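Before any comments, here is the structure.
The values are calculated or read from the model by the stated rules, or taken from the named source; none is laboratory data. Keep in mind that this is a model prediction, so the values were computed, not measured. Because the Cβ atoms are built from the backbone with ideal geometry, glycine has one as well, and the counts that use them run over all protein chains shown. Ligands, DNA and RNA are excluded from the accessible area calculation, which covers all protein heavy atoms including side chains. Shrake-Rupley method; radii C 1.70, N 1.55, O 1.52, S 1.80 Å.
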Amino acid sequence: QVQLVESGGGLVQAGGSLRLSCAASGSIFSINYMAWYRQAPGKERELVAVNTYDGTTNYADSVKGRFTISRENNKNTVYLQMNSLKPEDTAGYYCNARIYSSAYGPSNDYWGQGTQVTVSS
């Protein structure tokens with residue numbers, strides 16, 4: 001089995017910064033991609049940023065230029081550096097990864113438990 005454990009959320013003033021971390025552990029052969037989603041109260045979960053196996057990154061338009069996703073492959077860890085935070089960034093942030101547990105089996109989708117980010121105005 002595979003687990004994703006997030007850390008780094010908290011309360012910050014507008015204009016501040018936070019760094020989220022997500023570490024994958026367990027039965028991991030390879031990781032196709034790791035991503036961050038967020039969900040605010042009353043809203044649907046949305047993709048914030050994704051980092052694929054070849055290092056390609058993509059961002060939601062709302063965070064481009066402010067957030068940076070990066071990965072440490074040898075630690076199976078993904079980070080989300082969030083700068084110039086705005087009150088509208090307030091949400092639960094969830095780590096997502098598509099992981100192969102063996103060389104021959106299918107990949108599966110995994111989610112972390114989420115970490116809360118609150119940005120005060």
Inset, instruction - Can you list which of the trypsin sites (Lys or Arg not before Pro) found in region 17-83 are DSSP loop residues with at most 16 other C-beta atoms within 10 Å? - result: LYS43, ARG45, LYS64, ARG66
Inset, instruction - Please give, to one decimal in nm, the separation of the simple spin-label points placed at GLN1 and ASN32, each 7 Å out from Cα toward the Cβ. - result: 2.2 nm
Inset, instruction - Can you figure out the FRET efficiency of SER102 with ARG45, using R₀ = 22 Å and their beta-carbon distance, to the nearest 0.05? - result: 0.15
Legend entry - Residues whose placed amide H lies under 5 Å from that of GLY114, excluding near-sequence neighbours: GLU6, CYS95
Inset, instruction - Can you send over the carbon and sulfur percentage of the accessible area for the chain, probe radius 1.4 Å, protein chains only? - result: 46 percent
Legend entry - Efficiency of FRET from Cβ geometry, LYS86 and THR52, R₀ 41 Å, rounded to 0.05: 0.95
Inset, instruction - Mind pulling the per residue volume of the convex hull built on the Cα atoms of region 9-70? Å³ is fine. - result: 123 Å³
Inset, instruction - Would you kindly find the accessible area of THR52, with a 1.4 Å probe and non-protein molecules such as ligands, DNA and RNA excluded, rounding to the nearest 10 Å²? - result: 30 Å²
Inset, instruction - Work out how far the C-alpha atoms of region 7-121 reach from end to end along every principal axis, then list the three figures in whole Å, largest first. - result: 50, 26, 22
Legend entry - Gaussian network model of the chain, Cα within-10 Å springs - most flexible of GLY15, GLY55, GLY105: GLY105
Inset, instruction - Could you do me a favour and compute the accessible area per residue for the chain, 1.4 Å probe, result in Å²? - result: 53 Å²
Inset, instruction - Give a quick list of GluC sites (Glu not before Pro) in region 1-51 that DSSP marks as loop, anything other than H, G, I, E or B, with at most 11 other Cβ atoms within 10 Å. - result: GLU44
Inset, instruction - Using a cut-off of under 14 Å, list every residue of region 80-98 whose amide N is near the label point 7 Å from the Cα of LYS64 along the Cα-to-beta-carbon line. - result: none
Legend entry - Rounded to the nearest 10 Å², the accessible area of ASP54 at probe 1.4 Å: 100 Å²
